[in-house]
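Novice: Got a structure here, written out as structure tokens. Questions coming.
No value in this document is a laboratory result; all are computed from the given coordinates. On a predicted model such as this, the values are computed, not experimentally measured, just so you know. Here the Cβ is made from the backbone with ideal geometry for all residues, glycine too, and neighbour counts use every protein chain on show.
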Amino acid sequence: MMSMAKRATGVALSICATLLSAQSAKAHDFFLLPDKTIAPAAELRIKATIGSQFPKAEIAITSDRTENLVVRGQGSPKLSVVSADADGLILRVDGAAAGTVVAAVSMKARDVDYGEDRIPLILEEYRIAPAAVASIERGRKPRTLRVVSRRMAKTIVCAVTCDGMKIAVAPMGEGFEFVAADATGKRYRLMMNGRPLGNYPVDLADSSGKRIKVVTDANGEVAAPPAGAGLHMLFAAHMTLPKDQERYGLDLTSLTVERR
């Protein structure tokens, strides 16, 4: 007969396995975490990371996985990788003059295969369009969802002052991205190849880790949280159906910003 100690150990291990399984089942976002959203120009530091619960950095990214590092602002800003740690890449902005700075990092496209156990999570967490969902659901189980994954993350920070927010209105040329709707910083617009995505699902996560699901209006816009609410993240996903290739296209984009 199993001893009480062994039975207790078995229960504990079962609970741990359940917790680990639940944790690993969460979808992971790629986002940029500024050390400070407003800082002297010489002290603008940003961490590029992947995590399942914004704003917690969890997974390290190697510099060879990055495709483009782009920055826009007053002066002659340049974005570069200065180091890496256990949960991300440390980026530095050099040459920025006072005002709003927009930084963007895109990762190299890579092939990813999701097994049957992951497919429901992907469809639910990323709120994939009905046409793509229907295409996936037609597959015979157990299915393997083969995608070409493309990730892009942006952040808006301020060098000394947040003047010149209008610089955040224009797209950075990344295809699927968030931009400021105007120079007030009160609303943001989701764009696909230069066109707004109206009535489109977006996730909004705040600095406490709370995540809510919203939808853009007809102009592709969502309202920013009120001033003083702290750093928050906008996230969206876009899936395209396979054409000549066997893989779906999965674009993931995020924007981290603090409204002032």
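Novice: Can you compute 3J(HN,Hα) from phi for each residue in region 160-166, using the Karplus curve 6.51 cos²θ - 1.76 cosθ + 1.60 with θ = phi - 60°, rounded to whole Hz and x for Gly and Pro?
Specialist: 6, 9, 9, 5, x, 4, 4
Novice: With θ taken as phi - 60° and the coefficients 6.51, -1.76 and 1.60, list the Karplus ³J(HN,Hα) couplings across region 224-230 in order, rounded to whole Hz; mark glycine and proline as x.
Specialist: Calculated HN-Hα couplings, in order: 6, x, x, 4, x, 7, x Hz.
Novice: Would you list which lysines come within 17 Å of Lys108, measuring only between C-alpha atoms, while excluding same-chain residues fewer than 8 positions from it?
Specialist: Within the straight-line limit of under 17 Å, Lys108 reaches these lysines: Lys154.
Novice: Now, a different point. With no solvent and one point on each alpha carbon, what is the Debye value of log10 I(q)/I(0) for the chain at q = 0.08, 0.10, 0.12 Å⁻¹?
Specialist: Taking Cα atoms of the chain as identical point scatterers yields -0.35, -0.53, -0.73.
Novice: Same structure, new question: For a protection proxy built on the mean count of beta-carbon atoms within 10 angstrom, sort 155-166, 206-217 highest first, please.
Specialist: 155-166, 206-217
Novice: Right, another one. With springs only between Cα atoms under 10 Å, which of Leu69, Leu190, Leu91 fluctuates most in a Gaussian network model of the chain?
Specialist: Fluctuation is largest for Leu69.
Novice: Quick one: Karplus J couplings for region 191-208, per residue in order, coefficients 6.51, -1.76, 1.60, θ = phi - 60°, nearest Hz, x for Gly and Pro?
Specialist: 10, 10, 6, x, 10, x, 9, x, 6, 10, x, 9, 9, 10, 10, 9, 5, 8
Novice: Can you put Arg151, Arg140, Arg247 in order, fewest other beta carbons within 10 Å first?
Specialist: If I rank by nearby Cβ atoms, fewest first, I get Arg140, Arg247, Arg151.
Novice: For region 117-183 and region 58-94, what is the centre-to-centre distance using only Cα atoms, to the nearest Å?
Specialist: What the calculation gives is 20 Å, centre to centre.
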